Amino acid sequence: MVFGRFIDWIRNFFRLRQDISLGIYGCTSVGKTTLANRIAMDWAGEEVGKVSRIPHETRSIQKKEKIVIESNGKKLRINILDMPGLATKVDYRKFLKYGMKEKTAKIRAKEATQGIVEAIKWLNHVDTVLAVMDATKDPLTQVNITLLGNLEAKKIPVILVANKIDLKRAKPNNIKEAFPQYPFVEISALNGKNIGELYDAIIKHARKAG
């Protein structure tokens, strides 16, 4: 009996020392890559990916591995997984508004669709998810509801991140009230406001699957 408890302790000890795969999910243009860059710059001095005003700039998973974050004397090593923006449909005509030629827009739309499929598949490989939402918009979208439903079904820990609180029209409480069952942090990934609270939440709620 004592030996069995000792073996369990050893297993838990090494599980805690493993990297946490932290998936950053959400709709397009909610600031996922900006947040990934903020975390990576704070703790590794390197960015994860390029940020653009054009939707679906991130069309494949971007990674930054073995980043050690710290808060209140506790440390956690994470692998950041910046996911392509989720959408129910990608229409190439949307990109024409940004001056793209039709051929380029169609290629981007195809790549974006493939990226969404890839991001959904990766739900089987993430340990914890930051579900990022734009605090200036209605959170009750099909994408957000479907994402959270899938995460709940897979029992993947979720931290809701209300981003863009630096904007005057931001209403982060709308997100908190819409999904009160999840840990919640309101931030500005752009200027770093409340980013320390996010690190607190990650260390508190993130856990290795299994």
Anyone know which of Gly115, Gly99, Gly23 comes out most mobile in the 10 Å Cα GNM of the chain?
-> Gly99
Please label the shape of the range 134-199 as rounded, prolate or oblate, based on the square roots a ≥ b ≥ c of the eigenvalues of the alpha-carbon gyration tensor (a/c under 1.5 means rounded; beyond that, a/b larger than b/c means prolate, else oblate).
-> oblate
What is the list of residues in the range 172-210 whose amide nitrogen lies under 13 Å from a point 7 angstrom out from the Cα of Asp166, following Cα to Cβ?
-> 187-195
The answer for the chain, counting only DSSP H helices whose Cα atoms cover 18 angstrom or more along the axis and whose Kyte-Doolittle average is -1.0 or greater, is 2-17, 102-121
In the range 101-166, what trypsin sites (Lys or Arg not before Pro) fall in a loop by DSSP, with at most 12 other Cβ atoms inside 10 Å?
-> Lys101, Lys154, Lys155
Out of all DSSP beta bridges with both ends in the chain, state the antiparallel percent to the nearest 5.
-> 30
Which of the pairs Lys32/Lys137; Lys64/Lys171; Lys154/Lys193; Lys63/Lys204; Lys74/Lys154; Lys66/Lys154 have their Cα atoms more than 19 Å apart in this structure?
-> Lys64/Lys171; Lys154/Lys193; Lys63/Lys204; Lys74/Lys154; Lys66/Lys154
Semi-axes of the equivalent ellipsoid of the chain: what are they in whole Å, largest first, if each equals the square root of 5 times a C-alpha gyration tensor eigenvalue?
-> 31, 19, 17
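No value in this document is a laboratory result; all are computed from the given coordinates. Every value quoted in this text rests on a predicted model; they were computed, and no experiment measured them. With ideal geometry, Cβ positions are generated from the backbone for all residues, glycine too; neighbour counts draw on all protein chains shown.
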